[in-house]
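Here the structure comes first, spelled out in structure tokens, and everything after it is commentary.
The values are calculated or read from the model by the stated rules, or taken from the named source; none is laboratory data. It should be emphasised that the depicted structure is a prediction, and the values quoted were computed from it without experimental measurement. No Cβ is skipped: glycine too gets one built from the backbone with ideal geometry, and neighbour counts run over all protein chains shown. Side chains are part of the model used for accessible areas, which takes the heavy atoms of the whole protein and leaves out ligands, DNA and RNA. Shrake-Rupley method; radii C 1.70, N 1.55, O 1.52, S 1.80 Å.
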Amino acid sequence: MLRIPCPFCGPRDESEFAYGGEAHIARPENSWTLSDGDWADYVFMRTNPKGRHAERWRHSHGCGRWFNALRDTATHEIVATYRIGEPTPTGRR
Amino acid sequence: MADGLPAQGALAHRRLAACAVEETRDAGVRLTEMPFRVCINMRAQATPEVRTILSQHAGCGLPVQPMESARRGTLGALWLGPEEWLLVSGSDDLRDRLVTAFRGHFVTVTDVSDAYCIVRLAGPAARDVLAKGCGLDTHDSVFPPGKVARSLLAKAEVTLHRTAADVFEIYVARSYADYLWRWLEDAGAEYGVAVVEAA
């Protein structure tokens, strides 16, 4: 069981949270001008790193808020959590 | 409430009054189904204006710190999330009063009273029982009386409100009430469980 520090509620059990995929993926502006390939890139292509990964989580059985977490995909260490709109703590994706 | 249906608690079928005891000296935990309360889910930005209106019309402040609650008389305001609260009251007209008071403001008030069953878990072993099914740290240093949290208890989503040192009020969806009550009886068995009627 991971303990994930919700930026609002503090550390809680992983079972209170829902995973929301990679963070910081902006919807392209003027999406109607995109080629199918570019649209597929936006919808499907993810970085899938081994190591630190910025991702979205939702505290669904707690305060209900979305937030971002920086998690190491190899060790499961939650390096940091931060509110939506705040920069990634390490300054890198 | 649909016309013609009798209003009854989610645990009425368990006939708790018949099992209730007066003497609880040997019980590690005391379980009570609390009487009906009006529960209002309120969502708003806690601007000074909104907080003033609420305290004028409902007589209660709005806690803005996570996991805090406020109480004034029979009205309680429980923090559920940023910009979300559960207002709990004994007075039936709370929703109407809030709707009137917040007219023209970007605030939602939703009557969720019938969605919940409220179980009070009290006694010296209350925290031990909770620890069996909930990952929340209920130590005095982080979760003293007055604190409130939504969490999972035995996999059921609950709103946990610590109202006194050894008293927790558990708001649970009424469809989970029977399950949770039985889980609490089972989890509390080793400490001794007494069913107590609400005062």
Cα extents of chain B along the three principal axes, largest first (Å):
53, 48, 28
Within the set B:186, B:140, B:114, GNM on chain B using Cα springs under 10 Å gives the largest fluctuation to B:140
Tell me, what is the percent relative contact order of chain A, built from C-alpha pairs under 8 Å that lie six or more residues apart?
27 percent
Which FRET efficiency value, to the nearest 0.05, is calculated for residue A:46 and residue B:139 with the Förster distance at 35 angstrom and r the Cβ-Cβ distance?
0.35
Would you mind calculating the relative contact order of the stretch B:1-83 from Cα pairs under 8 angstrom and at least 6 residues apart, reporting the percent as a whole number?
16 percent
Determine the total buried accessible area between chain A and chain B, counting protein heavy atoms only with a 1.4 Å probe; round to the nearest 100 Å².
1100 Å²
What residues does the stretch B:73-89 have that are buried by at least 50 Å² of accessible area in the full protein assembly compared to the chain on its own, 1.4 angstrom probe?
B:82
Relative contact order [Cα under 8 Å, 6+ residues apart], the stretch B:50-199, whole percent:
18 percent
Mean Cβ-within-10 Å packing, highest first, puts peptides B:96-105, A:10-19 in the order A:10-19, B:96-105
Measuring with a 1.4 Å probe in the full set of protein chains, what accessible area per residue, in whole Å², belongs to the protein assembly as shown?
53 Å²
By average C-beta atoms within 10 angstrom, highest first, the peptides B:163-174, B:45-56:
B:163-174, B:45-56
Quick one: pull the percent of accessible area on chain A belonging to carbon and sulfur, 1.4 Å probe, ligands and nucleic acids left out.
50 percent
Using the alpha-carbon centroid of each, what span in Å lies between the stretch B:88-102 and the stretch A:25-73?
41 Å
Could you name the lysines in cross-link range of residue B:155, using Cα to Cα under 19 Å and dropping any fewer than eight places away on the same chain?
B:132
